[in-house]
């Protein structure tokens, strides 16, 4: 695991699945954990969502033997994006510092939603067991954040039931755009997503469905790999990473989608657990 000492930007995928975990023999190649992406921006650690993939990341951070200080940016608070937090080992350690960022809910509702997920009857009362220094940062979608010196994070509202936030992370001239859980309108390119993705070195985009499946899932708040390719082309994103894989999609089907997408736009990949991209 990179510690960010190189000063560059890197991202590692710890959970790539959407909606619910999908363990089993058919998902070993791409992985079955839900959304969690680690960004290293020089010395700064960022997490994009904390689905069940956050468990593996937390274990790796503890094994590294250094105090953990991280900014955790949440697209939204559906369970496949927050379900790993109770199992994120650093949250139970003294010396850990975590800032949770959320912009998709009204004032005070972001912390309340997370608190609810850690409390009875959904879970035991975990907050009293946490030892980390926790801070909650709420923002308006569309605002630009500066969580650390030299680190710029643009935000935008995405089309998803209950609200969702996309992010554009800029560090030393490199850009990662993260737009998951967003539904496109046929024939339309969402200007918010285009803004986040413009000229990005890496675009991580919700590709839950194929176009033939899309009509049956209108209103679910997700997109297709075909639309991802069109969007990346118009936005001028250098590398497209398909993300939020449909839970019923096995490795063979994902490999076929990855091959088809790469044929249309060379360099396109389907995210898989453990995949590291260094910029």
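One table, with the values for the structure above:
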quantity: Of all residues making up segment 185-228, the number that are surrounded by fewer than 21 Cβ atoms within 10 Å (Cβ to Cβ) and free of Cβ contacts under 8 Å to residues at least 60 places away in the same chain; calculated: 23
quantity: Lone qualifier among 152, 159, 239 - being under 30 Å from residue 42 (Cα atoms), in contact (Cβ under 8 Å) with a residue 12 or more places away in the chain and touching a helix residue (DSSP H, G or I) at 6+ places or on another chain (Cβ under 9 Å); calculated: 239
quantity: Hits in segment 258-275 (condition: within 16 Å of the chain's Cα centre (by Cα), buried (at least 16 other Cβ atoms within 10 Å of the Cβ) and in a loop (DSSP other than H, G, I, E, B)); calculated: 271, 272, 273, 275
quantity: Flag if residue 252 is out of contact with any strand residue (DSSP E or B) (no Cβ under 9 Å at 6 or more places or on another chain), modelled with pLDDT of 95 or more, within 23 Å of residue 53 (Cβ to Cβ) and assigned to a helix (DSSP H, G or I); calculated: yes
quantity: Pick from segment 240-253, criterion closer than 15 Å to residue 23 by Cα and surrounded by 16 or more Cβ atoms within 10 Å (Cβ to Cβ), ranking: nearest to the chain's Cα centre (by Cα); calculated: 244
quantity: Flag for residue 65 being surrounded by fewer than 17 Cβ atoms within 10 Å (Cβ to Cβ) and either within 19 Å of residue 149 (Cα to Cα) or free of Cβ contacts under 8 Å to residues at least 60 places away in the same chain (or both); calculated: yes
quantity: Any hit, segment 126-135, residues being free of Cβ contacts under 8 Å to residues at least 40 places away in the same chain and closer than 29 Å to residue 247 by Cα; calculated: no
quantity: Count - residues of segment 148-158 that are surrounded by 17 or more Cβ atoms within 10 Å (Cβ to Cβ) and closer than 28 Å to residue 67 by Cβ; calculated: 4
quantity: Subset of segment 41-56 (residues that are surrounded by fewer than 24 Cβ atoms within 10 Å (Cβ to Cβ), over 18 Å from residue 272 (Cβ atoms) and free of Cβ contacts under 8 Å to residues at least 40 places away in the same chain); calculated: 43
quantity: In segment 127-143, the residues that are surrounded by fewer than 12 Cβ atoms within 10 Å (Cβ to Cβ) and farther than 18 Å from residue 163 by Cα; calculated: 128, 129
quantity: Residues located in segment 214-240, provided they are out of contact with any strand residue (DSSP E or B) (no Cβ under 7 Å at 6 or more places or on another chain) and modelled with pLDDT under 95; calculated: 215, 216, 218, 219, 220, 221
quantity: Counted residues, segment 170-184 - those being within 13 Å of the chain's Cα centre (by Cα) and either over 23 Å from residue 106 (Cα atoms) or surrounded by fewer than 24 Cβ atoms within 10 Å (Cβ to Cβ) (or both); calculated: 2
quantity: Residue within segment 217-229 that is within 23 Å of residue 154 (Cα to Cα) and in contact with a helix residue (DSSP H, G or I) (Cβ under 7 Å, 6 or more places away or on another chain) present; calculated: yes
quantity: Lone qualifier among 57, 46 - being part of a strand (DSSP E or B), closer than 30 Å to residue 174 by Cα and at pLDDT 95 or above; calculated: 46
quantity: Any pair with Cβ under 7 angstrom, 6 or more apart, that starts in segment 92-116 at a residue that is surrounded by fewer than 17 Cβ atoms within 10 Å (Cβ to Cβ) and ends at one that is in a loop (DSSP other than H, G, I, E, B); calculated: 92/130; 92/131; 93/131; 93/132; 94/131; 95/67; 97/132; 116/122
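The values are calculated or read from the model by the stated rules, or taken from the named source; none is laboratory data. On a predicted model such as this, the values are computed, not experimentally measured, just so you know. No Cβ is skipped: glycine too gets one built from the backbone with ideal geometry, and neighbour counts run over all protein chains shown.
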